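Novice: Submitted below is the structure of interest, expressed as structure tokens.
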Amino acid sequence: MSSPAAGLRPPPGQHAFDLAPLAAWMQSRIEGFKGPIEVRQFAGGQSNPTFLVQSANRRYVLRRKPPGTLLPSAHAVDREYRVIKALAGSGVPVARAHALCEDGAVIGTAFYVMDYVEGRLFWDAALPEVAGGERRAIYDEMTRVMAALHDVDYVAAGLGNYGKSGRYIERQVARWTQQYRASETEAIDAMERLIEWLPRHVPTDEETAIVHGDFRLDNVIFHPHEPRILAVLDWELSTLGHPLVDMAYLCMRYHLSAEQFRGLGGLDPAALQIPSEAECVADYCRRRDRAPVAAQDWTYYLAFNMFRLAGILQGVLARAIQGNASSATALEAGRRARPLAEQAWSLVQCSFDKDALA
């Protein structure tokens with residue numbers, strides 16, 4: 001467990017910027033703001049650099065696009081700001097978003113400012129620092145918030161054009177197949193099988209909701225003393241999509257180990273006083289008043305998420321080999337692509353008969 005403010009550091013050279021224009025901009029856009037300001041960067045591997053802004057009377061968080069040449073659709077801080085702003089006052093806890101700046105003259109790239117939220121951030125899915133009786137409540141709260149997110153009327157919230165409606169999984173399989181091909185360093189038989197099988201067996205249960213895309217334990221801030229989420233973080237991958245894919249991403253923690261994905265794989269949830277995967281899914285369906293998920297559909301959603309994550313890790317490996325991310329950590333992470341793909345294909349093989357695998 002840590003405070004979200006843990007691991008702060010002075011912004012490194014490539015992310016440093018002049019504070020005077022930022023302070024002037026905040027003075028003109030944020031009610032109650034008082035300078036001067038001090039800025040430190042959060043440690044970690046966020047795609048969008050994130051900073052703590054300490055003013056004379058309060059703390060804020062600034063999320064910006066990184067400097068340099070970027071892919072056209074990447075690092076869309078304007079989308080993050082839009083969804084956080086739209087969810088204010090809903091059943092989904094988010095930090096208060098103050099203002100978006102798309103003028104590169106202020107700090108060099110687009111950014112937005114939101115409130116800093118004081119609370120607890122957990123990194124270990126087994127929650128060793130939490131009393132057993134509170135662990136179930138923490139996991140139940142995550143399911144509650146995810147169900148609340150998927151129940152938001154995205155059209156009424158002004159997010160009707162936040163993404164495409166329908167055929168989400170088909171589009172995602174095609175996208176991550178393309179991403180994988182672009183970063184392929186060696187043949188992975190399990191990935192080839194998934195690339196061939198996934199498009200032909202998409203579940204027919206079509207549904208559209210706001211999906212977070214990266215909803216997990218270390219992307220939410222809990223109340224300092226209560227098992228209650230105060231803010232969901234890191235909306236960079238959010239869009240309109242299939243809610244069960246989003247829920248299956250959260251439940252990957254039951255299949256992946258702490259080393260693979262900071263998960264619970266190999267551990268006994270009951271002994272830890274943590275809800276089982278089946279209990280989490282049943283609770284989610286109950287909260288949304290929906291029918292239970294068919295077992296093979298659930299396997300598909302899990303396998304798809306593992307395939308997607310393997311594609312992401314393959315990109316990490318390719319960049320590490322090319323020298324763009326040459327740290328031992330990047331290489332180690334990238335090499336998890338093969339076993340993850342193999343685990344996904346094994347999951348499919350255990351759930352589907354031979355005719356369905358063809």
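Novice: Under the definition of Cα pairs under 8 Å and six or more residues apart, what whole-number percent is the relative contact order of segment 183-323?
Specialist: Over segment 183-323, the number comes to 25 percent.
Novice: Grab the eigenvalues of the alpha-carbon gyration tensor for the chain, scale each by 5, take roots, and send me the semi-axes largest first in whole angstrom.
Specialist: Equivalent ellipsoid semi-axes, largest first: 34, 24, 21 Å.
Novice: Also, I was wondering about something else. According to a simple spin-label model (label point 7 Å from Cα along Cα-to-Cβ), what is the distance in nm between R9 and Q27?
Specialist: That separation, rounded to one decimal, is 3.2 nm.
Novice: Can you figure out the FRET efficiency of N57 with I321, using R₀ = 56 Å and their beta-carbon distance, to the nearest 0.05?
Specialist: The calculated FRET efficiency here is 0.70.
Novice: Using the count of nearby Cβ atoms within 10 Å as a rough guide to exposure, how do K164, K65, K85 rank from fewest to most?
Specialist: K164, K85, K65
Novice: Given the options G213, G119, G133, state which has the largest fluctuation in a GNM of the chain using a 10 Å cut-off (strictly under) for Cα springs.
Specialist: G133
Every read-out reported here was derived from the displayed coordinates using simple, explicitly stated rules and does not represent laboratory data. Quick caveat: nothing in here was measured; it's all calculated off a predicted structure. Glycine also receives a Cβ, built like all others from the backbone with ideal geometry; neighbour counts cover every protein chain displayed.
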